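Just so it is clear, none of the values below were taken in a lab; they were calculated from the coordinates. These numbers come from a predicted model, not from an experiment. Heads up, the Cβs are rebuilt from the backbone with ideal geometry, glycines too, and the neighbour counts pull from every protein chain shown.
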Amino acid sequence: MHDYLLSLILGVVEGLTEFLPVSSTAHLRLSEALLHINLSDGYWKMYSIVIQLGAILCLPVYFWSRIKKFLSSFPYGESGNRNLLTHPLSLTMIAFVVTAIPSFLLTKVIGKHLESIVIIGWSLLLGGVVMWIVDATHGKAEAAGPNGNSKIRTWKMEDMRLGQSIWIGFCQILSAVFPGTSRSMATIAAGQLAGMSRAAALEFSFFVSMPTMAAATLYTLYKSLRGKGENPIGVAQIDPHGWIVLAIGFVVSFIVAYASVAWFMAYVRKRGFAPFAVYRIIVGVLVLVFAAKLA
């Protein structure tokens, strides 16, 4: 398959799956197997980082009006009932810090031993079951709305509490340690368990992913370009053809990710996360079957 077409396909896969709770890592690994490419190769490993960066950059563009609103109201919030620790931007950074240090230490020690098809399959399957159960138990509360007798205490991101942010940060560590868990799935389910509505949990998931994913991606890219780490590649080793392949994947990933975020925000408010949970379970079973045949 021509590299340009391959880059287009992988850009679409990354853009579609990065922010949906289905694990982009799992889908890129499956794409590697199906398209017979080695994403652990120096160039293709860096390529996967670059297209992830393209997907990440769609978030500040999509949420720019919300970001400006939060910045203008910092630190007291629009209602004047927030402070330096409880403003939405502060809660985003707190969740990031809670996630960042343990994730870095854990992935340095055991992360490279967990990136297996079997681990990904079980993470997809079990994560799907958890997401389905959590979303189903919150279905009636969502339907009752803010004025109903609901166990949901936080309907908007602006009303989040410090404890919820810390809890979501801890749960997000699972996605760093166990590929296939999905950072989006971990933060959304954690938010719902902490009494947040689907919309609030989803929006906070997107916001906390900005610093989390940007830091992880830029650090990995830096090591790769400097010729450090596992299977490194330096900038000088990339020819014009290689730069075009990177550019195609980056642009396609950005466009597709932007569209998927817009669609996901509208879809979840009306229908919830159950279809994504079912999809995870089905794909998880297929991956485990595939892994068993390879064994």
Mind giving me the nanometre distance, one decimal, between the label points for Val129 and Tyr222, set 7 Å out from Cα along Cα→Cβ? 4.0 nm
Hey, fewest Cβ within 10 Å first, where do Arg269, Arg280, Arg82, Arg161 land in order? Arg269, Arg161, Arg82, Arg280
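If you rank Lys223, Lys140 by fewest surrounding Cβ atoms within 10 Å, what's the result? Intermediate values should be presented prior to the final figure.
Working: Lys223 15, Lys140 11.
Placing the least packed residue first, the sequence is Lys140, Lys223.
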Determine which residues of the range 164-205 fall in the zone a paramagnetic label at Lys151 would reach in this model, i.e. backbone nitrogen under 19 Å from the point 7 Å along Cα→Cβ. 164-165, 167-168, 187-202
For the residue pair Asn83 and Trp243, what label-to-label distance in nm results when each label sits 7 Å from Cα along the Cα-to-beta-carbon direction? 5.3 nm
If I fit a long axis through the Cα atoms of helix 24-35 and take the longest principal axis of the Cα atoms of the chain, what angle between them do I get, 0 to 90°, rounded to 10? 30 degrees
Once phi is turned into ³J(HN,Hα) by the Karplus curve 6.51 cos²θ - 1.76 cosθ + 1.60 with θ = phi - 60°, what whole-Hz value does each residue of the range 58-74 show in order, with x for glycine and proline? 6, 5, x, 6, 5, 9, 4, 5, 5, 4, 4, 5, 5, 4, 5, 9, 6
In the chain, which longest range has no GluC sites (Glu not before Pro) that are both DSSP loop (not H, G, I, E or B) and surrounded by at most 12 other Cβ atoms within 10 Å? 79-229
Classify the range 30-110 as rounded, prolate or oblate, taking a ≥ b ≥ c as the square roots of the eigenvalues of its Cα gyration tensor: rounded when a/c is under 1.5, otherwise prolate if a/b is larger than b/c and oblate if not. oblate
From the Cα gyration tensor of the range 123-165, with a ≥ b ≥ c the square roots of its eigenvalues, which class applies: rounded if a/c is under 1.5, or else prolate if a/b is larger than b/c, or else oblate? oblate
Going fewest to most other Cβ atoms within 10 Å around each Cβ, Phe19, Phe206 line up as Phe206, Phe19
Extent of the chain along each principal axis, from alpha carbon coordinates, in Å, largest to smallest? 57, 42, 35
Could you give each residue of the range 189-196 its phi-based ³J(HN,Hα) in whole Hz, using Karplus coefficients 6.51, -1.76, 1.60 with θ = phi - 60°, and x for Gly or Pro? 4, 4, x, 5, 5, 8, x, 9
In terms of the alpha carbon gyration tensor, root eigenvalues a ≥ b ≥ c, rounded if a/c is under 1.5 and otherwise prolate when a/b exceeds b/c or oblate, the range 51-172 is oblate
Zone of Arg66's modelled label, taken as backbone nitrogen in the range 244-269 under 15 Å from a point 7 Å along Cα→Cβ: 258-269
What residue among Ala55, Ala215, Ala199 has the largest mean-square fluctuation in a Gaussian network model of the chain, using Cα springs under 10 Å? Ala215
Give, as ranges by residue number, the residues of the range 3-35 whose backbone N falls under 19 Å from the point 7 Å along Cα→Cβ of Val278. 20-23
